[in-house]
Amino acid sequence: MNGPEIHVEFAPELLVFVPQARATGSLTTATDGFSCLGHVVESLGVPLTEVGTLLVDGRETPTGHVPVAGESVTVRPHTHPQRVPGAPLRFLLDVHLGTLARRLRLLGVDTAYESTDIGDPALAARSAAEKRVMLSRDRGLLRRRELWAGAFVYSTRPEEQLPYVLDRFDPELRPWTRCTACNGLLRAAGKEDVADQLKEGTHRTYDVFAQCADCGRAYWKGAHHEQLEAIVERAVASRAERGL
C-alpha cells in the first residue's frame, strides 16, 4: 500500500497480533485509498473477531469506513462479557482445542468439536450453518468471512483457556448435563442399562449412573471425579464472583 497514511493505536491485549507495534502500542501505515478500515486492521494482523470498537479521531466508526490521510484510529477489544446476538450461545472448536471442548461440555456448555482436521473452509461453513462461535488459535481461520462469529483463544494452556472463554462470553453453566465425548445430553440410567460398559469392580462399587442419549456412553463418579468436581467448582465460583 502506498496511499494515504493513517496512525493506528492498539489496545494492549491486541498487541500480540501486531509485533511491529509492541514497542509503542501504535504505528503509522499507508493505505491504498479504497480498502475499508476493517481490511486495513486485519492486514496489520488483528482478526476482526477480536475487534470490539474502532475509533477514528475519537468517534466510533464502522469497519466499512474508508480511511483518509491523517486519520487517527484506535482499535479496542470486545468488552466482557461479549454478546453474540441472533442465536443461542454455543461453540465450535477446532482440532487443537480438545481439552477445552471436554471441559466446556463438563460445564454443560453446548460445544461442537472436530477431533480430526476437516479444514478451515468446512469449519467456517459449519460455524455459519449451525450459528456457532468458532474458537481457535488459527488467525487465518478467524479471518474467514463466512464465520458466524469467532474468538481467538490466547493461551495454549487449558487451565487458562477455560476461564478466558467463560469470562469473555459468560455462557450458561449446567454442569454434568452433557457427554464430554460427543456433546449429547445425559440422562439418568440404571445399572442394568449400562452393565455392558462396566468392569466387575465398577459394577460392584457404584450404583448411580448417567448415560448419553446420543452415543450411549455411561458415566459414574469414578476415580477422576474429584478432579472434575474441582474444575466445575472453580468455574461456578468464578461466575458468582463476577455477579453473573
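The values are calculated or read from the model by the stated rules, or taken from the named source; none is laboratory data. What you see is a predicted model, and the numbers here were worked out from it, not measured in a lab. With ideal geometry, Cβ positions are generated from the backbone for all residues, glycine too; neighbour counts draw on all protein chains shown. The area values use the complete protein model at the heavy-atom level, side chains included, leaving out ligands, DNA and RNA. Shrake-Rupley method; radii C 1.70, N 1.55, O 1.52, S 1.80 Å.
For this structure, a couple of remarks:
- Projecting label points 7 angstrom from Cα along Cα→Cβ for residue 196 and residue 79 puts them 5.4 nm apart.
- Charging the Cβ of each Asp and Glu at -1 and of each Lys and Arg at +1, and nothing else, the dipole of the chain about its Cα centre rounds to 480 debye.
- Of all lysines in the structure, the ones whose alpha carbon falls short of 18 Å from that of residue 199, not counting any fewer than 8 places away in one chain, are 191, 221.
- Here the chain is described by how far its Cα atoms reach on the three principal axes: 76, 37, 30 Å, from widest to narrowest.
- In the chain, a dipole from Cβ-located charges (positive for Lys and Arg, negative for Asp and Glu) runs towards its positive end, and of 93, 58, 175 it is 175 whose Cα lies farthest in that direction.
- Rounded if a/c under 1.5, otherwise prolate or oblate - segment 85-137, Cα gyration tensor axes: oblate
- Within the accessible area of the chain (1.4 Å probe), percent carbon and sulfur: 50
- Multiplying the residue separation of residue 57 and residue 128 by 0.36 nm and removing their Cα-Cα distance gives an extension gain of 22.2 nm.
- Helical contribution to [θ] at 222 nm, DSSP H n ≥ 4, -39,500 (n - 2.57), averaged over the chain, rounded to 500: -8000 deg cm²/dmol
- For segment 189-244, accessible area per residue (1.4 Å probe, heavy atoms of protein chains only), Å²: 71
- Inter-centroid distance (Cα atoms) of segment 115-161 relative to segment 12-57, Å: 21
- Label-reachable residues, segment 85-116, where backbone N falls under 17 Å from a point 7 Å from residue 177's Cα toward its Cβ: 88-91, 103-112
- Solvent exposure of segment 1-124 as accessible area per residue, Å², 1.4 Å probe: 46
- Across 160, 192, 200, mean-square fluctuation computed from a Gaussian network of the chain (C-alpha pairs under 10 Å connected) peaks at 200.
- Modelled spin labels at residue 160 and residue 5, positioned 7 Å past Cα toward Cβ, are 3.6 nm from each other.
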